[in-house]
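*Asks:* The structure is given below, and queries will be raised subsequently.
The values are calculated or read from the model by the stated rules, or taken from the named source; none is laboratory data. Keep in mind it's a predicted model, so treat the numbers as computed, not measured. Glycine also receives a Cβ, built like all others from the backbone with ideal geometry; neighbour counts cover every protein chain displayed. Surface areas here come from the heavy atoms of the whole protein model, side chains and all, with no ligands, DNA or RNA. Shrake-Rupley method; radii C 1.70, N 1.55, O 1.52, S 1.80 Å.
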Amino acid sequence: LRKCIDIYDKELKQDQMVTKMYSQILELDPSNEEAANELVKRYEENKSWNSLLHILDQIATMTTDKDKAIDTYYHIASIFSSNLGNVAKSIEPLTHIIELDPTQRKALRQLHEFYEQRNSWQNLYDILAKEAAVAEDAEKIELLKRQANIAERNLKSTEKAIESWEAVSASLEDPSEALEELARLYTHEHNSEALLSVYKRRLNVAHNVEERIDTLRQIATLYLDRLDRRDDAIATYREML
């Protein structure tokens, strides 16, 4: 087949037959890089997008080189979005990239933009978690806050919003804002034990005496009104004094 390729290419100048011969080589040997690379080059030059996608998918599936697979999936995603104008089809290869390497921030960002543009809230919530896992400092906090907002407003899930604010709290030296949001959410859920835990955590980060006294007052009220723990309420009032 290689000899045929040389003749078709150099002597007869029949590009179509050269492509056909390379395809036959790939059928005989799916891992043949020479044939695969030649077909990629020729299909791209001819803008034969469907044929190119088929070969690229075969390359990504067959290779044991993770970096090569990732680059190939990026190539596939680019063809769908840039050449075929079908951004939705780019989701699958981008997802494959994240599965191979969860730190691929380019793929995460592209998925984020796609889901946000289409108001795909559950998918956006999930991808924000993946972005936050590889982000640092202020960016991570903003991603988690956005996730919490989506959970509460769009997914109508207090449970997911609580998970996000707990993650914010764990990421901050001063988690006051996150604790305020958690207190609000646990109050809405009528989860008195969890609310008590948040109040006690607020005591540890109180900025001044007034803040500490206000939190102790809330704890005492919770003991009396919801938990029926009069002795604990009295002890809390004594601590206020």
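*Asks:* Just tell me the longest site-free run in the chain, where the sites are GluC sites (Glu not before Pro) in a DSSP loop having at most 10 other beta-carbon atoms within 10 Å.
*Replies:* Between the exposed loop sites, the longest stretch runs 1-135.
*Asks:* Positive end of the dipole of segment 136-231, charges at C-beta (+1 Lys, Arg; -1 Asp, Glu), about the Cα centre: which of LEU155, ALA183, LEU222 has its Cα farthest in that direction?
*Replies:* Farthest towards the positive end: LEU222.
*Asks:* Once the convex hull of the C-alpha atoms of segment 72-140 is built, how many Å³ does it hold per residue, rounded to a whole number?
*Replies:* 80 Å³
*Asks:* Right, another one. Which percent of the accessible heavy-atom area of the chain goes to carbon and sulfur, probe 1.4 angstrom?
*Replies:* Reported share for carbon and sulfur atoms: 46 percent.
*Asks:* Quote the relative contact order of the chain in percent (integer), defining contacts as alpha-carbon pairs under 8 Å separated by 6+ residues.
*Replies:* RCO, the chain: 7 percent.
*Asks:* Here is a follow-up. Out of the trypsin sites (Lys or Arg not before Pro) in segment 7-47, which ones are loop residues according to DSSP with at most 10 other C-beta atoms within 10 Å?
*Replies:* Counting only loop positions with at most 10 other Cβ atoms within 10 Å, the trypsin sites (Lys or Arg not before Pro) in segment 7-47 are LYS13, LYS47.
*Asks:* Using each residue's phi in segment 104-120, evaluate 6.51 cos²θ - 1.76 cosθ + 1.60 at θ = phi - 60° and report the 3J(HN,Hα) Karplus result to the nearest Hz, with x for Gly and Pro.
*Replies:* 6, 5, 4, 5, 4, 5, 5, 5, 4, 4, 5, 5, 5, 4, 9, 6, 8
*Asks:* For the charge dipole of segment 1-90, defined by +1 on Lys and Arg C-beta atoms and -1 on Asp and Glu C-beta atoms about the Cα centroid, which residue among LEU26, LEU12, THR72 has the Cα displaced farthest towards the positive pole?
*Replies:* LEU12
*Asks:* Here's another thing I want to ask about it. Write out the trypsin sites (Lys or Arg not before Pro) in segment 143-193 meeting two conditions: DSSP loop, and at most 11 other Cβ atoms within 10 Å of their Cβ.
*Replies:* Listed in order of number, the matching sites are LYS156.
*Asks:* For THR61, what accessible area in Å² do you get when you roll a 1.4 Å probe over the heavy atoms of the protein chains, rounding to the nearest 10?
*Replies:* So the heavy atoms of THR61 present about 90 Å² to solvent.
*Asks:* Going from most exposed to least, what order do THR103, THR187 have by accessible area with a 1.4 Å probe?
*Replies:* Ranking THR103, THR187 by accessible area, largest first, yields THR103, THR187.
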